[in-house]
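The values are calculated or read from the model by the stated rules, or taken from the named source; none is laboratory data. What you are looking at is a predicted structure, and each value in this text was computed from that prediction instead of being measured. Please note: Cβ atoms are built from the backbone with ideal geometry, for glycine as well, and neighbour counts cover all protein chains shown.
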Amino acid sequence: MRQVGIFGKRKSGKSAILHALRKTDMLGGTTYSALEIGGIGKIMLVDTVGFDAPDSTAEKSAASIELALMLISNDSFELELAWLSKLRKSGAAVIIVISQADKFVDGGKSLAAAVQEVSGCKTICVSTVTGLGLEELYKAIVDKLKSR
């Protein structure tokens, strides 16, 4: 089964994104969740441990990921850029997500522009609270998986 990993620091919204994509309520600490995508089949969403956590298992999870969602939730994103490089070197495709966009006055647009300028990657602003960007993120996942 194809695997999509959700990476980011602790408290960046990884579990919330997993549940929003699955359209389920957050009930506990689900780490793996299957999702059926038309034209692609079943994929496994993997909610990884924050890579800033002591003894994080994110490195191990990265080895089996085909597509990574890299969550950035504040303007201190040097660690995320380092992980972006690691994931690319491992062969994973990456979608950068400005998570918790509802917490930014501009919906995360200025942070997205800064990240895009430094990384060269398009970014998607997402809020699981308001629903902002969830459809765009789902479509980006489908497009990336179809192109691989």
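Among all positions in the range 55-74, there is at least one residue which is under 24 Å from K103 (Cα atoms), modelled with pLDDT of 85 or more and surrounded by fewer than 21 Cβ atoms within 10 Å (Cβ to Cβ).
In the range 1-39, the qualifying residues are those that are of a type in the set (V, I, T) and surrounded by fewer than 17 Cβ atoms within 10 Å (Cβ to Cβ), and the one that is modelled with the highest pLDDT is I37. All told, A101 falls short of being under 14 Å from G8 (Cα atoms) and crowded, with 20+ Cβ neighbours inside 10 Å. Failed condition for K42, given (1) surrounded by fewer than 18 Cβ atoms within 10 Å (Cβ to Cβ); (2) in contact with a Cys (Cβ under 9 Å, 6 or more places away or on another chain), with all others met? Evaluating K42 over (1) surrounded by fewer than 18 Cβ atoms within 10 Å (Cβ to Cβ); (2) in contact with a Cys (Cβ under 9 Å, 6 or more places away or on another chain) leaves (2) as the failure.
Please count how many residues of the range 124-148 are touching a residue at least 40 places away in the same chain (Cβ under 8 Å), of a type outside the set (D, E, K, R), within 22 Å of L87 (Cα to Cα) and not in a loop (DSSP other than H, G, I, E, B). Selection size over the range 124-148: 6.
Here G50 meets each of (1) modelled with pLDDT under 85; (2) closer than 18 Å to A82 by Cβ; (3) not aromatic (F, W, Y) with one exception, condition (1).
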